[in-house]
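Visitor: I am attaching a structure below and will ask some questions about it afterwards.
Readers should treat all values here as calculations from the given coordinates under stated rules, not as data from a laboratory. Computed from a prediction, not measured in an experiment: that's the story for all the values here. Because the Cβ atoms are built from the backbone with ideal geometry, glycine has one as well, and the counts that use them run over all protein chains shown.
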DNA sequence: ATAAACATGTAACATGTTACATGATTAT
DNA sequence: ATAATCATGTAACATGTTACATGTTTAT
């Protein structure tokens, strides 16, 4: 009897991997590529997390690797095990808990009284950043042709960034024409 | 001549401290209390960061601590030095760079095809979470009476969470009445 | 009396980024 | 030829959370 650490605590990043493998078997490199085209905007992951995590999930029996070299180039394609699929469903059924934001632009605006003249350029920079994100997301929409829930979440990303860019524009206008705003 | 590490690299969390001290001198405990009432929604900080950071900023000459015990209870009140104020302004003048989001609800929605029945409850849980945040922010607005940029940013928090709660409601409705939505 | 709030700090742990190291294959 | 992409991994570093440890003062 092989010991499988089925009860190990999984960090949310592990579920990014389980989730992507529920689409289709793939390599760590593929995982990174897909993350950068999708979850990155609300849950990023680097190689430094992905490869060690693949090892841990494999040791825990939640995924299985198969060697599929391309010529002399080694390649390990991972797929979900039955246990892995069960753990993914379990996680999907539970309430989401983590919500964290780190927005340096908002932080600068918050402290802008220490240098009021810079508030306008902070707002403009934040607006531009959101516009750029929108562009990248639209490109992904056009080239990646996501479907189903992936498309729904992509549209969330686009609309949220539109809202944020808009808010920055409105706030900048209010700075120009002070007080009369409610 | 005392060596001051004026050129040390500051993490954004250091600027949370410098920013709050630009309002008025205060203790580490005060900093934590204010962070929890304000920046926490877009830049959190724990005691485990704050106290060591106060030490580092003090060693670097950007802030100065003064002992102000209350009876036998020790208390160190920090204030910005001239250099500290200059560093804060410098940071405010530079473009914001960090924008990071970790939204477990969005992640679960993204992978909902592995358990479609749970998408609705994920949306509902995310909506509730945003509603709760709105409540807390409104309470802070009423009790804390923030002004100026702090008020502007607080309203951003309220409106952004309203947008997000709304989006969840709309997406849940679209799940019920599929396809006809564009 | 005792619970809550004030006050400071550390240690262990968890998470995550960046740079580095290495090499194969494919497209230009 | 050579640059881009495919492919896997590690080590050093940075950041951040949680639990623990300690003690005082104020409010109930």
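Visitor: In peptide B:147-153, what is the residue-averaged number of other protein chain Cβ atoms found within 10 Å of each Cβ?
Guide: Mean number of neighbouring Cβ atoms from other chains: 6.
Visitor: Any chance you could list the semi-axes, whole Å, largest first, of the equivalent ellipsoid that the Cα gyration tensor gives for segment B:104-181, using √(5λ)? Present the calculation step by step, with values, prior to reporting the outcome.
Guide: Working: eigenvalues 192, 28, 18 Å².
The three semi-axes for segment B:104-181 are 31, 12, 10 Å.
Visitor: Taking a label point 7 Å from Cα toward Cβ, how far is residue B:136 from its twins in the other copies, in nm, shortest first?
Guide: Here residue B:136 shows inter-copy label distances of 2.8 nm.
Visitor: Using R₀ = 22 Å, calculate the FRET efficiency as 1/(1 + (r/R₀)^6) where r is the Cβ-Cβ separation of residue B:89 and residue A:124; round to 0.05.
Guide: On the way: r = 18 Å, r/R0 = 0.82.
The computed FRET efficiency comes out at 0.75.
Visitor: Give, in nm to one decimal, the length gained when the segment between residue A:141 and residue A:175 is fully stretched (0.36 nm per residue of separation minus the Cα-Cα distance).
Guide: Values: separation 34, 0.36 × 34 = 12.24 nm, distance 3.46 nm.
Stretched fully, the residue A:141-residue A:175 segment lengthens by 8.8 nm.
Visitor: Still on this structure, please answer the following. Could you work out how much longer the chain between residue B:98 and residue B:55 gets when fully extended? Use 0.36 nm per residue separation minus the Cα distance between them, nm to one decimal.
Guide: 13.1 nm
Visitor: How big, on average over all directions, is the shadow cast by the Cα convex hull of segment B:27-83, in nm²?
Guide: Details: hull surface 17.7 nm².
Over all viewing directions, segment B:27-83 projects a mean Cα-hull area of 4.4 nm².
Visitor: Now a separate question. Give the peptides A:156-165, A:69-78, A:95-104 in descending order of average Cβ contacts within 10 Å, highest first.
Guide: Values: A:156-165: 19.6, A:69-78: 11.5, A:95-104: 16.8.
So the order, starting with the most tightly packed, is A:156-165, A:95-104, A:69-78.
Visitor: I'd like the per residue volume of the convex hull spanned by the Cα atoms of segment B:16-139, given in cubic angstrom. Numbers along the way, then the final one.
Guide: Numbers: hull volume 19.6 nm³, N = 124.
Taking only Cα atoms, segment B:16-139 has a hull volume of 158 Å³ per residue.
Visitor: How shielded is B:123-132 by partner chains, expressed as the average number of their Cβ atoms within 10 Å of its Cβ atoms? Before the final figure, lay out the partial values.
Guide: Numbers: counts 2, 1, 4, 3, 0, 1, 4, 1, 0, 0.
Mean partner-chain Cβ count within 10 Å for B:123-132: 2.
Visitor: Okay, moving on. Helix-only estimate, please: 222 nm mean residue ellipticity of chain A, summing -39500 (n - 2.57) across DSSP H runs of length 4 or more and dividing by its residues, to the nearest 500.
Guide: On the way: 7 runs with 109 residues, N = 182.
Value at 222 nm, helices only, nearest 500: -20000 deg cm²/dmol.
Visitor: Let me ask you something else. Sorted from largest to smallest, which semi-axis lengths in Å does the alpha carbon gyration tensor of the protein assembly as shown give for its equivalent ellipsoid, taking the root of 5 times each eigenvalue?
Guide: Numbers: eigenvalues 329, 141, 80 Å².
Its equivalent ellipsoid spans semi-axes of 41, 27, 20 Å.
Visitor: When you count, for each residue, the other Cβ atoms within 10 Å and take the mean per peptide, how do B:107-115, B:48-56, B:146-154 rank with the highest first?
Guide: On the way: B:107-115: 22.9, B:48-56: 15.6, B:146-154: 17.6.
The peptides rank, most packed first, as B:107-115, B:146-154, B:48-56.
Visitor: For residue B:11, place a label point 7 Å from Cα along the Cα-to-Cβ direction in every copy; what are the distances to the other copies, in nm, shortest first?
Guide: 1.5
Visitor: Ranked by Cβ crowding within 10 angstrom, fewest neighbours first, how are A:127, A:89 ordered?
Guide: Neighbour counts put them in this order, fewest first: A:89, A:127.
Visitor: Can you list, largest first and rounded to whole Å, the semi-axes you get for segment B:7-46 by taking the square root of 5 times each eigenvalue of its Cα gyration tensor? Could the numbers behind the result be given before it?
Guide: On the way: eigenvalues 53, 34, 13 Å².
Three semi-axes, in Å: 16, 13, 8.
Visitor: With an 8 Å Cα cut-off and a minimum separation of 6 or more residues, compute the relative contact order for chain A in percent.
Guide: On the way: 153 pairs, mean separation 33.7, N = 182.
For chain A, the relative contact order is 18 percent.
Visitor: Also, I was wondering about something else. Can you list, shortest first in nanometers, how far residue B:52 lies from the same residue in the other copies, with each label 7 Å from Cα toward Cβ?
Guide: Output for residue B:52: 1.7 nm, nearest copy listed first.
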